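Notes follow the structure.
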Amino acid sequence: MSQALRDEPEKLPLAPATAADRFSSKTATWLFIRDPKQLNTKTQVELDLIYQRSETARKTYALTQQFMRMLRLRRGQDFERWLAAVEASQIPELRRFAQGLLKDRNAVVAGLTLSYSNGPVEAQVQKLKVVKRAMFGRAKLPLLRQRLLHAA
């Protein structure tokens, strides 16, 4: 083994970390989608720090909040206006997101407008899958059916 590998590496002075350096994209995303009324003082300061550093972050925050308001308040009629604002923003990630939504525009507008949900159906499908996985290779359809009907 060479001497250089055994010696203590030279201590380089590092610049002190700023508060903005500790943010990950996951943290920023979480702050951007939260309802501003639910932010405490500390998280509001963190959010302010993020969008003070970048005009793109400020635009992204505003457009994200508009989308979240449409979602929370079921305002599908604002979807076209939001799409136009995203196109005007020239932010590639948001434009890609909007293009994905446009692939099924009618379903998105319905989801942003109507109060119907397929949540109960998805719950039943998930329950069926859990029972099927637990019984894989052990039994045929009659026992699976019985277990599913009596599953809690």
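The values are calculated or read from the model by the stated rules, or taken from the named source; none is laboratory data. The structure displayed is predicted, hence computed values, not measured ones. Here the Cβ positions follow ideal geometry from the backbone for every residue, glycine too, while neighbour counts run over all protein chains shown.
Among the residues making up segment 97-142, those that are among the aromatic types (Phe, Trp, Tyr) and either surrounded by fewer than 11 Cβ atoms within 10 Å (Cβ to Cβ) or not assigned by TED's automatic domain parsing to the domain that holds Gln66 (or both) are Tyr116, Phe136. For first residues located in segment 63-92 and in contact (Cβ under 8 Å) with a residue 40 or more places away in the chain, partners that are among the acidic types (Asp, Glu) and lie 6+ apart or on another chain with Cβ distances below 8 Å form the pairs Met70/Asp78. Considered as a group, the residues in segment 36-58 that are in a helix (DSSP H, G or I) and of a type in the set (Lys, Arg) include one that is surrounded by the fewest Cβ atoms within 10 Å (Cβ to Cβ), and that residue is Lys37.
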